[in-house]
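Trainee: Pasting in a structure now, in structure tokens, and then I'll have a few things to ask.
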């Protein structure tokens, strides 16, 4: 079963396409990476998949069901969208953030034990890494079928990035969750993903199994990921 199928998708703002003819698949139980230089169209692709912006052509199917629903409806139907912006309520405590999200607190703490000592601290006062753990933990324990993860590691320490990647990898393997990961730490991400797509100038130009992506990483970095 596919958690996500994108076929011939073009999307952008208004009637102007930013990404064109995007084809990609995320199988259930796998982590798929979407790489590309700044401005390649990665975040726009995720926004279109999530329903945050309109699709101008092509189709998006989540759990084998085509959808044109808005973002809030896709979220109800099993999609979680996590960004580098760390979507937490900064004026509420960590515990209050979890309760507002209606999630099982012990399950989040099992994923990220670091948060247990922070439960009564306002989310705006904990570290960026802890905020991202909180955001990702809330998203993961809602039982989604698909997580879109956009630059989770931005500005975070390497050890925190490893924790986030491991959590996504474990959830995919153990629960059948599908993950589409947009990430700047390409070499680190390769240790946790099953498949790789690479974008350039608004199009997917490479579609690679993980073994081939690892073998070609230097060429990929030089040709597609340099500024």
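Trainee: Compute the acute angle (0 to 90°) between the alpha-carbon long axis of helix 158-175 and the principal axis of greatest extent of the alpha-carbon atoms of the chain; round to the nearest 10°.
Mentor: 80
Trainee: I need the Kirkwood Rh of the stretch 1-102: take the reciprocal of the average 1/r across all distinct C-alpha pairs and report it in angstrom.
Mentor: Radius from the Kirkwood sum: 14.9 Å.
Trainee: Would you work out the relative contact order for the chain, in percent, from Cα pairs under 8 angstrom that are 6 or more residues apart?
Mentor: Working: 457 pairs, mean separation 65.2, N = 227.
Once normalised by length, the contact order is 29 percent.
Trainee: GNM on the chain, C-alpha springs below 10 Å: top fluctuator among 30, 44, 162?
Mentor: 162
Trainee: Then there is this: Could you list 165, 35 so that the one with the fewest beta carbons within 10 Å of its beta carbon is first and the one with the most is last?
Mentor: Working: 165 23, 35 26.
Lowest count first: 165, 35.
Trainee: Would you list 7, 220 from fewest to most Cβ contacts within 10 Å? Spell out each step's value before the answer.
Mentor: Details: 7 14, 220 20.
Lowest to highest Cβ neighbour count: 7, 220.
Trainee: A further question follows. May I ask what percent, to the nearest 5, of DSSP beta bridges between residues of the chain are antiparallel?
Mentor: Roughly 55 percent of the beta bridges in the chain run antiparallel, per DSSP.
Trainee: Could you give P(r) for the stretch 45-180, binned at 10 Å from zero, as whole percent values over all Cα-Cα pairs?
Mentor: Spelled out per bin, shortest first, that is 12, 43, 34, 11, 1.
Trainee: Next question. Most mobile of 52, 171, 157 per a Gaussian network model of the chain (Cα springs, under 10 Å)?
Mentor: Its mean-square fluctuation being the largest, the pick is 157.
Trainee: What is the fewest-to-most order of 197, 72, 81 by other Cβ atoms lying within 10 Å of their Cβ?
Mentor: Values: 197 25, 72 9, 81 22.
Ranking 197, 72, 81 by Cβ neighbours within 10 Å, fewest first, gives 72, 81, 197.
Trainee: A further question on this structure: Of the labelled options [x] 54; [y] 57; [z] 62, which one gives percent of Cα pairs over 21 Å apart as computed for this structure?
Mentor: [x]
Trainee: Using helices alone, what [θ] at 222 nm do you get for the chain, with -39,500 (n - 2.57) per DSSP H run of 4 or more residues, divided over all residues and rounded to the nearest 500?
Mentor: Calculated mean residue ellipticity at 222 nm is -9000 deg cm²/dmol.
Trainee: Only Cα pairs within less than 10 Å get springs; with that Gaussian network setup on the chain, which residue of 163, 76, 200 has the largest fluctuation?
Mentor: In the Gaussian network model the winner is 76.
Taken together, the values in this text are just the output of simple stated rules run on the coordinates, not laboratory data. Computed from a predicted model, the values in this text were never measured in an experiment. Every residue, glycine among them, receives a Cβ derived from its backbone with ideal geometry; neighbour counts consider all protein chains shown.
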